[in-house]
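Notes follow the structure.
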């Protein structure tokens, strides 16, 4: 694995790694932690498969009414978890694409990137084109990713691991579609996350005649929803778009750590790379301008290259997360 430029071109065959998502409700903040092993059912999740043998990486697959198949999650523990400490938690979201799932960051070297860092990292499934959303319509049964992540998985993690189940105990980050999901969740569920990071994730849904919303609808209809859509088609659910749009939720980023990364030179020959990162860069610049106008501090990086995860930026992000959150 290259820890500086992890290419996503092969992933972007049919699915979009841009953004979008839908509405849910109030935030779930529950938690009294138990052991690091022998996790239990709860919060609408029933464990149907698990592997807890690795001292750091714990694997679970759930049956849940929120999703029509059994989504998985990897929970990466710090090296010294056996010490009995409580730890802050980072929710780390994968991008869109046919080979993207909860194992993605393990393939990309998250164990070595996080070695020695006192942080629990939770990496759940989000669908190939789930957009971290409860879709307006689905022709294949429930695909309510927002419900799964916020109402079910978040309290389940706090109940089964030694976490700080509070605002200053949680961060959210992601790449591409997952970067948008991180920005969305941090704004909509303000009290759950004190730090938010987006690695090549879109931050503006309505710019350029709503290109990101259209892409979310098209990709989800083709790949995950059998003709259903995230935001509605031919007419959008405008309230959902506004609720999910980071540039329209700027006040919700007050008092949070905000970390943004985008590429400045996508491959002009690779259409998917060029269109996606060009849109990402423009949207992040719009978002940064609004954050600046509102007096909200933020760290941003524009780097050569296109729509790739930069391992050095992810490592920097992990250090920033730990610096912002409550210490283990």
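The set of residues in segment 262-295 being under 19 Å from residue 194 (Cβ atoms) and in contact (Cβ under 8 Å) with a residue 24 or more places away in the chain consists of 287, 291, 294.
Would you confirm, using the coordinates I've provided, whether residue 108 is within 17 Å of the chain's Cα centre (by Cα) and at negative phi? In short, yes. Taken together, the criteria exclude residue 204 from residues that are surrounded by fewer than 18 Cβ atoms within 10 Å (Cβ to Cβ), over 23 Å from residue 101 (Cβ atoms) and modelled with pLDDT of 95 or more. Looking only at segment 44-55, residues that are surrounded by fewer than 17 Cβ atoms within 10 Å (Cβ to Cβ), touching a residue at least 12 places away in the same chain (Cβ under 8 Å) and not in a strand (DSSP E or B) come to 2 in all.
Evaluate the following for residue 215: is it under 15 Å from residue 129 (Cβ atoms) and more than 13 Å from the chain's Cα centre (by Cα)? So residue 215 fits the description; yes. Would you please name the residue that is surrounded by the most Cβ atoms within 10 Å (Cβ to Cβ), looking only at residues in segment 88-103 that are under 20 Å from residue 50 (Cβ atoms) and over 12 Å from the mean Cα position of the chain (by Cα)? In this case the residue turns out to be 89.
With respect to residue 210, determine if the residue is part of a helix (DSSP H, G or I), modelled with pLDDT of 95 or more and on the phi > 0 side of the Ramachandran plot. Taking the combined requirement at face value, the residue satisfies it.
The values are calculated or read from the model by the stated rules, or taken from the named source; none is laboratory data. Everything numeric here is computed off the predicted structure, so don't read it as measured data. Heads up, the Cβs are rebuilt from the backbone with ideal geometry, glycines too, and the neighbour counts pull from every protein chain shown.
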